[in-house]
Amino acid sequence: MSNVPPPLPDGPELQLQPKKGMSTGAILAIVFGVLAMLAVPFICLLLGILLPALGKAREIANRAVCSANMNGIYKSMYTYSVTNDDQFPPNLGILIMDGSISVNTVLCPSAGVNISAMPGDMTLQEMARWADANTPYIYVYPNEGSNASSDAIIMYEPLENHAGDGMNILWGDGHVSFETDDQAFRILRKQGLDPHGGRHRGHTH
């Protein structure tokens, strides 16, 4: 008796039926679901790292804008003093009136007041008054004008302008420095100035 199995018959009997199970679409759905579950915590962690860094970078840029504003204001005040017996203008609005600076120059991007808050259809004089009333910069107005000593403070910001990190200070020789919270507090107190603000002198003519 032979142990060789008989040959398999031809025909439909040989058509192998696929094993029933999960479809490719279902498998992909599970894979993508798992990936999404893993991605959400990662994205949250990434945002937690990036958002504070972006906020810090924006604030540093705003400090630079304020420093450039103060530098431009000083140059305009010095030009004003040449034809006004070495005296600086009594307020910043006058510099807007004579066209040497713009309204934006007296606004700090960190202070929450921007030019879009200014009412429309204003005359130049009204714009100057609005800017002078809304600028966050504290104009000290030294009696010595352009002859003020290099350590005299011409202008500074309230501590609140830059999230309490410090402030820009415009000095008598025209340079601007950013001082940390503690340093600024000591410097201003030494000159009898309020670190949190106060109003500059004068009114727009």
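Report the net charge of residues surrounding residue 148, where surrounding means a beta-carbon distance below 10 angstrom and charges are Lys +1, Arg +1, Asp -1, Glu -1.
-4
Most exposed first by the Cβ proxy, i.e. fewest other Cβ within 10 Å, how do 167, 37, 97, 155 rank?
Exposure proxy ranking, most exposed first: 37, 97, 155, 167.
What is the distance in Å between the Cα centres of the range 164-197 and the range 113-162?
Measuring centre to centre over Cα atoms gives 15 Å.
Taking the Cα centre of the range 85-158 as the origin and placing charges on Cβ (Lys, Arg +1; Asp, Glu -1), which of 146, 111, 87 is farthest toward the positive end of the dipole?
Of the listed residues, the answer is 111.
For the range 63-190, what does the relative contact order come out to in percent, with C-alpha contacts under 8 Å and a separation of six or more? Mind showing how you got there, number by number?
Values: 203 pairs, mean separation 31.4, N = 128.
Relative contact order, the range 63-190: 25 percent.
Residue by residue through the range 104-114, what is 3J(HN,Hα) from phi via Karplus (6.51 cos²θ - 1.76 cosθ + 1.60, θ = phi - 60°)? Round to whole Hz and write x for glycine and proline.
Rounded to whole hertz, the list is 4, 5, 9, 10, 9, x, 8, 8, x, 10, 10.
Quick one: putting +1 on the C-beta of Lys and Arg, -1 on the C-beta of Asp and Glu, what dipole do you get for the range 145-197 around its Cα centre, in Debye to the nearest 20?
Computed charge dipole of the range 145-197: roughly 200 debye.
Using 0.36 nm times the number of residues separating residue 150 and residue 56, minus their current alpha carbon distance, what extension gain do you get? Working shown, then result.
Values: separation 94, 0.36 × 94 = 33.84 nm, distance 3.08 nm.
Roughly 30.8 nm would be gained on extension.
Using θ = phi - 60° and the Karplus curve 6.51 cos²θ - 1.76 cosθ + 1.60, what whole-Hz ³J(HN,Hα) does each residue of the range 125-130 get, with Gly and Pro shown as x?
The phi angles translate into 5, 5, 4, 5, 5, 4 Hz.
None of the figures in this text is laboratory data; all of them are computed from the coordinates on show. From a predicted model like this one, the values you see are computed outputs, not experimental measurements. Methodologically, a virtual Cβ is constructed for each residue, glycine included, from the backbone with ideal geometry; neighbour enumeration extends over all protein chains shown.
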